[in-house]
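Structure first, commentary second.
Just so it is clear, none of the values below were taken in a lab; they were calculated from the coordinates. These numbers were taken from a predicted model, which means no experiment stands behind them. Here the Cβ positions follow ideal geometry from the backbone for every residue, glycine too, while neighbour counts run over all protein chains shown.
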Amino acid sequence: MPHIPLYACYSSENQRDASIKDQLCQCRERAVREGWTVVGTYSDRAISGSSMIWAGIQALLADAQAGRFDMVLSGALERISRDQEDVAAVFKRLRFAGVSIVTLSEGGINELHVGLKGTMNALFLKDLAIKTHRGQRGRVEAGKAGSGRAAYGYRTVHQLDADGEPIRGE
């Protein structure tokens with residue numbers, strides 16, 4: 001039976017730390033069903049999906065090179081990276097170490113997944129950047145703060161609307 005680590009991450013400060021717990025829980029359930037031995041977990045929190053400079057993924061690659069496991073289980077290929085070059089590099093380095101990747105979403109990962117999903121994930125990032133910029137511009141044009149943090153000496157004003165929901169951007 002394969003010895004596997006689990007890998008989980010989230011890329012936005014808007015996501016909750018519980019996202020890691022939820023991803024790892026689903027991966028553990030799959031490992032139990034398959035009879036795989038979980039030998040550890042790796043995770044990264046609130047770091048952009050367009051960068052591979054993540055402590056968790058780097059530790060995973062180092063341990064793969066050291067022969068500590070045979071396979072990696074993650075929720076989806078996009079959890080490993082949304083950057084085409086990075087996902088290909090991770091795949092290549094793991095394969096060189098004799099380690100395969102399996103995800104809950106895609107199953108066993110091969111070159112076709114890396115090429116097609118890598119391209120789709122890169123397009124998602126590009127689209128997200130355009131939408132984020134559009135939203136920030138609209139907020140600024142409406143006289144609101146363009147981001148969730150106060151900058152340049154401004155203070156965040158905490159207010160609730162009539163329904164008790166936070167009013168953002170004041």
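Out of residues 5 or more away from Val38 or on other chains, whose amide H comes under 5 Å of its own, with H placed 1.01 Å from N in the peptide plane?
Residues meeting the criterion, in which the H sits 1.01 Å from N, are Ile4.
Starting from 0.36 nm per residue, how many nanometres of slack lie between Leu116 and Ala59 once their C-alpha separation is accounted for?
Answer, rounded to one decimal: 17.9 nm.
Ranked highest first by the average count of other Cβ atoms within 10 Å around their residues, in what order do 83-91, 159-167, 2-10, 100-108 fall?
2-10, 83-91, 100-108, 159-167
With θ set to phi - 60°, apply the Karplus curve 6.51 cos²θ - 1.76 cosθ + 1.60 along the stretch 72-88 and write out the HN-Hα couplings as whole Hz, x wherever there is a Gly or Pro.
Once rounded to whole Hz, the list reads 10, 10, 9, x, 7, 4, 5, 5, 6, 5, 9, 8, 4, 5, 5, 5, 5.
How far is it, in nm, from the label point at Arg93 to the one at Ser105 when both lie 7 Å from their Cα along the line to the Cβ?
That separation, rounded to one decimal, is 2.1 nm.
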